[in-house]
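Shown next, in structure tokens, is the structure this report addresses.
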Amino acid sequence: MKKTSLNVVAAALALLALGAGATMALRFDVHTRKEPAATALFAQTFSDADGRMQPINQWQGGVLVVSFWATWCAPCIEEMPDLQKVQAEYAARGVTIVGVAIDNASAVKRFRDQQNIGLPLLIAGAAGTELIRQLGNPSGALPYTVLVGRSGNVVQSKLGRLRAGELRLWLDSQIRLQPST
């Protein structure tokens, strides 16, 4: 009977250790995956389509949607009117939507002017592909959208066209998390 009791205690201790280890691993994983990605994002400065330098950290502290796109990417072009519409709806609630183009300035400026896009459109060029990978898209494919919460962590991401309804759900969940003032 003593041997059985020892086995039960050993099994219970093993389960506790396993649980503690899993908890530590999850906490470590969240911090190493999300915080460096957001840190890398907020460390970036890109020129806009007019050549003015724009640091991403100017939008830190609010809800930030970053859409990586290009003028040669059909799904990227299709989602741009939705992004513009949602930005207009949510701007008063502290939401900013920024397009980061894996493209050149003249193509982005031409697109912006032809389509009357008012979103901040920044130029990362091909170098932006590495940032996309750091943000959780190992393929570097477009469009790729990330949602950064007020905490500064990437809380949502999507590879492929993001529809307005899906983006509204993302934003509503973040706004509900906002402490009331």
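The values are calculated or read from the model by the stated rules, or taken from the named source; none is laboratory data. Since we're looking at a predicted model, the values are computed, not measured. Cβ coordinates were reconstructed from backbone atoms using ideal geometry, including for glycine residues, and neighbour counts include every protein chain displayed. Surface accessibility is based on the protein's heavy atoms, side chains included, excluding ligands, DNA and RNA. Shrake-Rupley method; radii C 1.70, N 1.55, O 1.52, S 1.80 Å.
Couple of notes before you dig in:
- Given their separation in residues at 0.36 nm each and the Cα-Cα distance between them, residue 130 and residue 104 gain 7.7 nm when the chain is fully extended.
- Label sites at residue 173 and residue 60, each approximated as a point 7 angstrom past Cα along Cα to Cβ, lie 2.5 nm apart.
- Near residue 68, the amide H atoms lying under 5 Å from its own belong to 100, 144, 145, 146; only residues 5 or more places off or on other chains count, and H is placed 1.01 Å from N.
- Label-point separation, residue 43 to residue 139 (7 Å along Cα→Cβ), nm: 2.7 nm
- Accessible solvent surface per residue of region 72-157, calculated while the other protein chains remain in place, 1.4 angstrom probe, Å²: 43 Å²
- Under the combined filter of DSSP loop state and at most 14 neighbouring Cβ atoms within 10 Å, region 129-171 retains these trypsin sites (Lys or Arg not before Pro): 163.
- Measuring nothing but protein heavy atoms, the accessible surface of region 51-179 at 1.4 Å probe radius is 51 percent carbon and sulfur.
- Distance between the modelled labels on residue 113 and residue 77, one decimal in nanometres: 1.8 nm (7 Å Cα→Cβ projection).
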